[in-house]
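*Asks:* Mind looking over this structure? Questions follow.
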Amino acid sequence: MRESGEAAHGHHHGHDVGERLYIHRHSPLHDLPPHLKIVSLLTFLIICVATPIQNYWAFIGFAIVITTLLATAKLPVLTIAKRATIEIPFLVFAFLMPFFSKGERFEILFFEISRPGAIAALSIITKGTLGVLTAILLSGSTPAREILRGFELLKMPSLLVQIMTFMLRYMNVITDEMERMKVARLSRGFEERGIRDWKFIAGTAGALFVRSYERGERVHTSMIARGYTGELPKTEIPEINSSNKFLAVGIPLAALIITSVTGALL
Amino acid sequence: MHIPDGFIDIKTSAAVGSAAVIAIAASLRGAKAQLTEKSAPLAGLTAVFVFAVQMLNFPVAAGTSGHLLGGALAAVLVGPYAATLAITVVLIIQAFLFADGGLTALGLNLFNMSIIGVWVGYGIFLLVRKALPKNKSSVAIAAGAAGFISVPAAAAGFVLQYAVGATATYETSTVFTAMISTHLLIGIGEAIITFMTVSAVLASRSDLVFGYKGNAHELEIR
């Protein structure tokens, strides 16, 4: 699926989790340097979340903006829907709220529900969905390693970025290890029945820790042997062209205009 | 399950987020002093471990299952500083890559899980370990106690944020009762699994367990 387009450092690290999330397309959003994209989308989202839900028209505007961006990035609808299922527990929480909240009540269909509850539920669902879609847009249009490079360019402490780099790089190794341990458990005749079996699964967790730790040590010693001094090589700052700037400023600006115009109309 | 966007108002999120950033910065300094030669790979692999261990299903009953949260476990295994960083990284990756937990709510989630969860857990661990005789099983029991308390403690952090900046309309007292009671139950599971996992590591590689070596020791990199 991935060629060489996003391999910014010019080398491959196998298929880590971030690369599985990334959807390779050619679009203005894919071309946006990661640090600009992070700041731009975060600012957009903060403006959305800070807008009161009573400003209903604004949220129709925000929805149009995020849908346009998702379409521009050519992310498949099914993938977006699948990733968005993560917010289902909160949707349930919000859907129940009008029934179990105090305040003025009104009747809808056959139910009597609370008006403040219904408004708050609408707010949680709308803002939560906008947030999930924004995050999906970011991770769908940016390889994980590029997101980390964005963090680095935004001056996140190097140790934190390094920890993240190692986490992504070894995520598959460790989850594969876990899968192998599961196979080993099954081949020893293990059967999952209930709480009685926790001891064995906890044994797996313990062994997994030991293996992760030992691998960490091994990686570290090899890195020292190759001349690691605690800093990873600095990445160069990507070139920013005028269409990048236009897009990066445009996204939050659109939200700002939407919220102030609709706010003034209220 | 992490807090999504728009659930707690932006002012509260910003305030709590700043507190989380300060605490994480302190942990970075602490970790640098504690981890010799700034061993990022080790903390990174701990983060992967936490991430992976959360995918390990523990069957409860009737087809339901739960999973470990791992804050207290990580604190006991690699020390509170490295644990804070590991959980922080897990939460950042979950929010930015998996849309799990809102981007604007990241500070809230960080505060509850990588600060409260880890440090309250570690505090309980130290207290209980002190009260018990100095041996391996005391370390495992103390770790279990830490796991038990760390879960409702993190939930209490959420309730506090809810009380200050909720956009939802459930009564705070209702949320408090629901959150704390369910998380006490979850905490029991967390305690048992943490106890068993620490016991398993102690049985095979006790030299790796930070909480067993005592915090005067540095993590040994060979």
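*Asks:* Within the range B:168-201, can you find the residues that are touching a Lys or Arg at 6+ places or on another chain (Cβ under 8 Å) and not in a helix (DSSP H, G or I)?
*Replies:* Of everything in the range B:168-201, those that are touching a Lys or Arg at 6+ places or on another chain (Cβ under 8 Å) and not in a helix (DSSP H, G or I) turn out to be B:THR169, B:GLU171.
*Asks:* Hey, does the range A:226-233 have a residue that's of a type in the set (A, V, I, L, M, F, W, C) and out of contact with any Phe, Trp or Tyr (no Cβ under 9 Å at 6 or more places or on another chain)? Spell out how you get there, then give the answer.
*Replies:* Residues of the range A:226-233 that are of a type in the set (A, V, I, L, M, F, W, C), as a first pass: A:232.
Of the ones still in play, those that are also out of contact with any Phe, Trp or Tyr (no Cβ under 9 Å at 6 or more places or on another chain) are A:232.
Yes, because at least one residue in the range A:226-233 is of a type in the set (A, V, I, L, M, F, W, C) and out of contact with any Phe, Trp or Tyr (no Cβ under 9 Å at 6 or more places or on another chain).
*Asks:* Conditions first: (1) among the hydroxyl-bearing types (Ser, Thr, Tyr); (2) modelled with pLDDT under 85; (3) buried (at least 23 other Cβ atoms within 10 Å of the Cβ). B:SER13 passes all but one, so which condition is the exception?
*Replies:* Result: B:SER13 passes all but (2).
*Asks:* Can you tell me which of (1) assigned to a loop (DSSP other than H, G, I, E, B); (2) loosely packed, with under 15 Cβ neighbours inside 10 Å; (3) not hydroxyl-bearing (Ser, Thr, Tyr) is the one A:PRO238 doesn't meet?
*Replies:* (2)
*Asks:* List pairs: first in the range A:207-231 and free of Cβ contacts under 8 Å to residues at least 12 places away in the same chain and within 9 Å of another protein chain (Cβ to nearest Cβ), second among the hydroxyl-bearing types (Ser, Thr, Tyr) and open to solvent by 20 Å² or more (accessible area, probe 1.4 Å), Cβ under 6 Å, 6+ apart or cross-chain?
*Replies:* So the pair list comes out as A:VAL210/B:SER204.
*Asks:* Going through the range B:71-81 one residue at a time, which ones are farther than 10 Å from B:GLY121 by Cβ and at the interface with another protein chain (Cβ under 9 Å from one of its Cβ atoms)?
*Replies:* Here is the first cut: in the range B:71-81, the ones farther than 10 Å from B:GLY121 by Cβ are B:77-79, B:81.
Within the range B:71-81, B:LEU77, B:VAL78 qualify.
*Asks:* What are the residues in the range A:160-178 that are among the hydroxyl-bearing types (Ser, Thr, Tyr) and under 16 Å from B:ALA86 (Cα atoms), if any? Walk me through it before giving the result.
*Replies:* Start the filter on the range A:160-178 by keeping residues that are among the hydroxyl-bearing types (Ser, Thr, Tyr), which leaves A:165, A:170, A:175.
Those that are among the hydroxyl-bearing types (Ser, Thr, Tyr) and under 16 Å from B:ALA86 (Cα atoms): A:THR165, A:TYR170.
*Asks:* I'd like the residue in the range A:154-172 that is more than 8 Å from chain B (Cβ to nearest Cβ) and open to solvent by 40 Å² or more (accessible area, probe 1.4 Å) and, out of all such residues, is farthest from A:LEU36 (Cα to Cα).
*Replies:* Among residues in the range A:154-172 that are more than 8 Å from chain B (Cβ to nearest Cβ) and open to solvent by 40 Å² or more (accessible area, probe 1.4 Å), the one farthest from A:LEU36 (Cα to Cα) is A:SER158.
*Asks:* So which residues in the range B:188-211 are aromatic (Phe, Trp, Tyr) and farther than 17 Å from B:ALA145 by Cα, if there are any at all? Before you say what the answer is, go through the steps one by one.
*Replies:* Narrowing the range B:188-211 to residues aromatic (Phe, Trp, Tyr): B:195, B:210.
Matches in the range B:188-211: none.
*Asks:* Only one of (1) over 30 Å from A:ARG169 (Cα atoms); (2) outside any helix (DSSP H, G or I) is not met by A:THR229, so which one is it?
*Replies:* Only one criterion in (1) over 30 Å from A:ARG169 (Cα atoms); (2) outside any helix (DSSP H, G or I) is unmet by A:THR229, namely (1).
*Asks:* Which one is nearest to B:LEU208 (Cα to Cα) among residues in the range A:216-231 that are open to solvent by 50 Å² or more (accessible area, probe 1.4 Å) and among the charged types (D, E, K, R)?
*Replies:* Going through the qualifying residues, I end up with A:ARG218.
To keep it simple, each residue is scored yes or no on (1) within 20 Å of B:GLN94 (Cα to Cα); (2) crowded, with 24+ Cβ neighbours inside 10 Å.
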position: A:GLU107; (1), (2): no, no
position: A:PHE110; (1), (2): no, no
position: A:SER114; (1), (2): no, no
position: A:ALA118; (1), (2): no, no
position: A:THR129; (1), (2): yes, no
position: A:ALA135; (1), (2): yes, yes
position: A:ALA144; (1), (2): yes, yes
position: A:PHE151; (1), (2): yes, no
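*Asks:* Identify the residue in the range B:149-188 that is open to solvent by 50 Å² or more (accessible area, probe 1.4 Å) and more than 22 Å from B:VAL60 (Cβ to Cβ) and, among all such residues, is farthest from the other protein chains (Cβ to nearest Cβ).
*Replies:* B:LEU160
Yes or no, residue by residue, for (1) among the charged types (D, E, K, R); (2) more than 23 Å from A:THR259 (Cβ to Cβ); (3) touching a Ser or Thr at 6+ places or on another chain (Cβ under 7 Å):
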| residue | (1), (2), (3) |
| --- | --- |
| A:THR51 | no, no, yes |
| A:TYR56 | no, no, no |
| A:ALA63 | no, no, no |
| A:THR79 | no, yes, no |
| A:MET97 | no, yes, yes |
| A:GLY103 | no, yes, yes |
| A:PHE110 | no, yes, no |
| A:ALA118 | no, no, no |
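*Asks:* Please count how many residues of the range B:128-148 are of a type in the set (Val, Ile, Thr) and open to solvent by 60 Å² or more (accessible area, probe 1.4 Å).
*Replies:* Applying the first criterion (of a type in the set (Val, Ile, Thr)) to the range B:128-148 yields B:128, B:139, B:141.
Filter again for open to solvent by 60 Å² or more (accessible area, probe 1.4 Å), leaving B:141.
Result for the range B:128-148: 1.
*Asks:* Restricting attention to the range B:72-109, report how many residues are part of a helix (DSSP H, G or I), touching a Ser or Thr at 6+ places or on another chain (Cβ under 9 Å) and of a type in the set (Gly, Ala, Ser).
*Replies:* Total satisfying the criteria: 7.
The values are calculated or read from the model by the stated rules, or taken from the named source; none is laboratory data. This is a predicted model, so every value here is computed, not measured. Using ideal geometry, Cβ is built from the backbone for each residue, glycine included, and neighbour counts are taken over all protein chains shown. Keep in mind that these areas ignore ligands, DNA and RNA; they rest on the heavy atoms of the full protein, side chains included. Shrake-Rupley method; radii C 1.70, N 1.55, O 1.52, S 1.80 Å.
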